[in-house]
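Structure record follows, encoded as structure tokens.
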Ligand code: URP
Ligand code: ZN
Ligand code: ZN
């Protein structure tokens, strides 16, 4: 067979194996894995490089409305560009239902935002903020059939949170239709009570974002979400877990026999609440929810990754510019932490951070890295085996990594819309030097190679491995 492209002499790594092989690519898919493949239009020499499945970041916020006068720093163009620079070939972004809006209307809006703008492949999770009988009874079942097979519900944020009975009704629909529900677990009433107390005490600085969202508020909501899922008998994903106590709730639910997936994120390995406690509002850069905790919580999250409590390592990329009236330092945000938009950029840094801090420092092996950053995302969100692995028949989504390459993270490198990275100056060992999406080289030497319009496509998805 004559291939379109052959990658020669790579060390191929999947979630289960590592082996020396050439990779033959034809019509955007992997057509052969063998040594000695030569016949090709283009030959890429990967001697000394690792060939990993392109990263799949299944928790990314792009171009979402974020409150009066606040603008998210990335749209689908800049967000997926940064994703590609950081070694990702697919992102799963959120399609946020506005109150009173039908899910179909919301999807129309988000498809229009994404169409022709994506540099990598993209799919949508639905965010359910208004679970009316029509939404749950008619729209959602039809949309799951159409390939929108996951959704997120919030237990916090005024205007977004659902009551427990609404969560139960949503979970019940998910069980009947085979959708997978992601849950943001923080106790909104407790947080609002604590914000009120902080206001009485005149505490308005960014650092108080952390003290109004304590571990107990996350642990309690995690326990409640797991109990609600148990009552309805449906699998769920607990997203962005920040600490040991919430993590132990997942372990315990599994011991009871529940099917649960867990996710953590770079900010819970690399940041602490001390990062919010800085001069001149600098702490606003690190305001996200749940907030970063302490060193012991970082250690717990590493333990969860090492021991398989967490299936997913995602960025929760939710970028706002720092020095900007439409971003972190908006007029109200400068005066009160409550108005600092929640979220930090991370889609470009997720993979290098886990590679450097996890693989190179011996905490996880390469196969775990692939599982946590690509394969498990594909399986849990209905994209496997088309995505998330290197196998014959899979899309040729391949990140070539130089495991020795030393880099220093800077904001410019990441090519996102934010004016900062929380990881400025971090020394990194190991870097994705080339990215192929469906067989086409999208990134080389830290820059996009596309001359024409972006070639990322929308992905309709099957059902989750947790549901089937
Ligand atoms: O602070 C965060 N994480 N913002 C993004 C929205 C969310 O809750 O995932
Ligand atoms: Zn969330
Ligand atoms: Zn999020």
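Just so you know, all these numbers are worked out from the coordinates, no wet-lab data involved. Keep in mind that this is a model prediction, so the values were computed, not measured. In this analysis, Cβ positions are derived from the backbone assuming ideal geometry, glycine residues included, and neighbour counts consider all displayed protein chains.
Okay, here's what the table says:
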{"read-out": "Mean separation of Cα contacts under 8 Å (6+ apart) over length of the range 55-367, as relative contact order %", "value": "18 percent"}
{"read-out": "Residues 426, 305 arranged by fewest to most Cβ contacts within 10 Å", "value": "426, 305"}
{"read-out": "Efficiency of FRET from Cβ geometry, residue 16 and residue 427, R₀ 41 Å, rounded to 0.05", "value": "0.85"}
{"read-out": "For the range 354-403 and the range 216-271, distance of Cα centres in Å", "value": "23 Å"}
{"read-out": "Linear extension gain, residue 99 paired with residue 112, 0.36 nm per residue minus alpha-carbon span", "value": "2.7 nm"}
{"read-out": "Extension gain from residue 303 to residue 280, taking 0.36 nm per residue of separation minus the Cα-Cα distance", "value": "4.8 nm"}
{"read-out": "Residue 27 paired with residue 256, simple spin-label distance in nm, labels 7 Å along Cα-to-beta-carbon", "value": "4.9 nm"}
{"read-out": "Computed helical MRE - 222 nm, the chain, DSSP H runs ≥ 4 contributing -39500 (n - 2.57), nearest 500", "value": "-7500 deg cm²/dmol"}
{"read-out": "Extension reserve of the residue 361-residue 294 stretch, reckoned as 0.36 nm per residue once the Cα distance is removed", "value": "22.1 nm"}
{"read-out": "At 0.692 mPa s and 37 °C, Stokes diffusion of the range 55-367 via Kirkwood alpha-carbon radius, µm² per second", "value": "167 µm²/s"}
{"read-out": "Cα→Cβ-extended label distance, 7 Å offset, between residue 449 and residue 338, nm", "value": "5.2 nm"}
{"read-out": "Among beta bridges that DSSP assigns inside the range 55-367, antiparallel share in %, nearest 5", "value": "0 percent"}
